[in-house]
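Everything below concerns the one structure shown next.
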Amino acid sequence: FRQLFESMSEGFGVGEAVYDAEGRVIDLRFVELNGSFERQSGLAIEQIVGRLLTEALPGVERAWIDFYGRVATTGRPDRYEGYNAHTGRHYTVSSYSPAP
């Protein structure tokens, strides 16, 4: 697994949803990222792993949190295309959750 994770040409990350008291996803925490993620996003892995999405990308568009939150709470994979003003880049991402 480790060798596959590190040698992938696609950026790949593992994250966890952060919920409020009412069970709504309010943020995401970066758990693990591969080198391709760093190259494609321009974000240094050591500066964002363990941090919340809103800390790592100040002003991140709410649509990103909503997208990942929907996948985390439903367990259904999905695809999203969006722009991130912090990095100044457009992304197409696929996301899945092993279970709701």
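Just a few scattered comments:
- Gain upon complete extension [VAL14, ARG79; 0.36 nm per residue less C-alpha separation]: 21.8 nm
- Electrostatic tally near GLU55: other residues with Cβ closer than 10 Å to its Cβ, Lys and Arg +1, Asp and Glu -1, net +1.
- Values [x] 15.2, 46; [y] 13.8, 43; [z] 13.1, 39 are given for comparison; Rg and Dmax of the Cα atoms in Å, derived from the coordinates here, is the one labelled [z].
- Residue order for SER36, SER7 - accessible surface, 1.4 angstrom probe, largest first: SER7, SER36
- Taking the Cα centre of segment 13-97 as origin and assigning +1 to Lys and Arg Cβ atoms and -1 to Asp and Glu Cβ atoms, the resulting dipole is close to 200 debye.
- Kirkwood-based shape ratio for segment 1-59, expressed as Rg/Rh from alpha carbons: 1.04
- Applying the Karplus relation 6.51 cos²θ - 1.76 cosθ + 1.60 with θ = phi - 60° to segment 66-79 yields 3J(HN,Hα) values of 4, 4, 5, x, 4, 5, 5, 7, 9, x, 8, x, 7, 10 Hz, where x marks Gly and Pro.
- Using θ = phi - 60° and Karplus 6.51 cos²θ - 1.76 cosθ + 1.60, couplings along segment 40-47 (whole Hz; Gly, Pro as x): 7, 9, x, 9, 6, 3, 5, 8
- Across the protein chains, with a 1.4 Å probe defining accessible surface, the residues ASP27, ASP20 rank ASP20, ASP27 from largest area downward.
- When the helices of the chain are scored as -39500 (n - 2.57) per DSSP H run of n ≥ 4 and the total is divided over every residue, the value at 222 nm lands at -8500 deg cm²/dmol.
- Among the GluC sites (Glu not before Pro) in the chain, those placed in a DSSP loop whose Cβ has at most 15 other Cβ atoms within 10 Å are GLU10, GLU22, GLU61.
- Karplus-derived 3J(HN,Hα), 6.51/-1.76/1.60, for each residue of segment 20-30, Hz, glycine and proline x: 8, 4, 8, x, 8, 6, 10, 6, 9, 10, 6
The values are calculated or read from the model by the stated rules, or taken from the named source; none is laboratory data. Owing to the predicted nature of the structure, the values given are computational and were not obtained by experimental measurement. Neighbour counts are summed over all protein chains in view; Cβ atoms, including those assigned to glycine, are modelled from backbone coordinates with ideal geometry. For the accessible areas, the whole protein counts, side chains as well, though only heavy atoms, and no ligand, DNA or RNA atoms are used. Shrake-Rupley method; radii C 1.70, N 1.55, O 1.52, S 1.80 Å.
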